[in-house]
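Data block below; observations after.
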Amino acid sequence: MQAHSYSYSVASNPVLYENSPLHVLFAGESQTKSGHAVGPKLYDYYLLHFVESGKGIFRTEKHTYQLEKNDFFLIHPGQLVSYTSDEEEPWRYRWSAFTGYLTEQVVQEAGLRVHQPVFHASDHNPIPGYLEQMQLAFYSRKSSSHLSALGYLYLIMGEAGNHLSDWSDPSGADSQIRRTVKQMVQYMSTQYAHPVSIEQMSEGLGYNRAYLSRIFKKETGVSPVTYLLKLRIDKSRQLLRERPELSVEQVAASVGLTDALYFSRQFKRFCGQSPTEYRNKVKQFPQS
């Protein structure tokens, strides 16, 4: 049996937890001894581990997982767990604990649910580096290390999401298409105020424009061009109602249409009247 020298170190966040949305409590690393066992026990915070080398077993109340290098496991608060290092190849792992009222949302978005607390990362993945930098930041004892740790935690959750997105829910061509269409809707909803184009969106999402147009129309019944234009017109109606001090040109620019004449034509196409006529009618009949 190969001999492994035992090591253990941990660093705490110099900023105290005071019911913040998301807070990293501490980060550490250890080369465990053969057969080193923890639990069964409960934690009142989230505790993640990343296995850098060796093997071991992670047990929850319902499942047993055989884990090895590049495996990641997350312990949820109130979950009765135990984990044991292998006798022949005791694991070396890094860990971090975190809490806060937004933590569950972040964990859910990453796909790390109670029934799916583990995933296997690829070789040369950045997670151990993020955990090491988190620990080093805490060793510095600077108050800014709190923010650095949050950044590393989000990067870790993003990496988890990358690995789990393909199988955290039933996948397949249909669900992938729906996810892509949702991404398109989100893109347009956040970028409509800028003079963006469907070509730019396609490039940003990494797809061919013709493909995106086809799946978008199949899912929504309209083309992306029409959807984006209607979105801009709807937003312009709101501005015409609520910001009477803005000129028609300023309203057009505020919804990403720099050509005021084109904006007016499209507004009349969708609303049956010009922007000025619409605004005057709103002034006369505020409930409209």
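Shown for the chain: lysine pairs separated by 8 or more places, or found on different chains, whose C-alpha atoms are under 21 Å apart, numbering 19.
What shape does region 1-91 have by the C-alpha gyration tensor, where a ≥ b ≥ c are the square roots of the eigenvalues, rounded means a/c under 1.5, and otherwise prolate means a/b greater than b/c and oblate the rest? Present the calculation step by step, with values, prior to reporting the outcome.
Values: a/c = 2.43, a/b = 1.46, b/c = 1.66.
Verdict is oblate for region 1-91.
What FRET efficiency comes out for the pair Ser144/Val282, r = Cβ-Cβ distance, R0 = 35 Å, nearest 0.05?
The pair Ser144/Val282 has a calculated efficiency of 0.10.
Here the contact order of the chain, divided by its residue count and restricted to Cα pairs under 8 Å and six or more residues apart, works out to 15 percent.
FRET efficiency for the pair Glu88 and Val38, taken as 1/(1 + (r/R0)^6) with r the Cβ-Cβ distance and R0 = 22 Å, rounds to 0.75.
Where does the longest stretch of the chain lie that holds no chymotrypsin sites (Phe, Trp or Tyr not before Pro) found in a DSSP loop with 12 or fewer other Cβ atoms within 10 Å? Before the final figure, lay out the partial values.
Details: sites that count: Tyr6, Tyr101, Trp167.
In short, 168-288.
Here's the picture: a label point sits 7 Å out from the Cα of Val225 along the beta-carbon direction, and within region 185-200 the residues with their amide nitrogen under 11 Å of it are 198-199.
Note on the chain: with a GNM built from Cα contacts shorter than 10 Å, the maximum mean-square fluctuation among Glu89, Glu104, Glu18 falls on Glu18. I want to verify the translational diffusion coefficient of the chain in µm²/s; compute it with Stokes-Einstein, Rh as the Kirkwood radius over Cα pairs, at 37 °C and 0.692 mPa s. Diffusion coefficient, whole number: 144 µm²/s.
Residues His115, His124, sorted by accessible area with the largest first, give His124, His115 [1.4 Å probe; ligands and nucleic acids excluded]. Given +1 at the Cβ of Lys and Arg, -1 at the Cβ of Asp and Glu and no other charges, the dipole of region 14-87 around its Cα centre is 160 debye to the nearest 20. Rounded, prolate or oblate: which fits region 49-151, taking a ≥ b ≥ c as square roots of the Cα gyration tensor eigenvalues, rounded meaning a/c under 1.5, else prolate when a/b beats b/c? Oblate is the answer for region 49-151, as a/c is 1.5 or above yet b/c matches or exceeds a/b.
From the gyration tensor of the Cα coordinates in region 112-162, what semi-axes in whole Å does the equivalent ellipsoid have, largest first, with each one equal to sqrt(5λ)? Walk me through the numbers before you get to the answer.
Working: eigenvalues 110, 31, 14 Å².
Ellipsoid semi-axes (Å, largest first): 23, 12, 8.
Computed from point charges on the beta carbon alone (+1 for Lys and Arg, -1 for Asp and Glu), the dipole magnitude for the chain about its Cα centre is near 1640 Debye.
The values are calculated or read from the model by the stated rules, or taken from the named source; none is laboratory data. Quick caveat, the model's predicted, so the values are computed rather than measured. A quick note on method: Cβ atoms are made from the backbone with ideal geometry, for glycine too, and the neighbour counts reach across all protein chains shown. Each accessible area value is taken on the protein alone, full model and side chains, heavy atoms only, with ligands, DNA and RNA left out. Shrake-Rupley method; radii C 1.70, N 1.55, O 1.52, S 1.80 Å.
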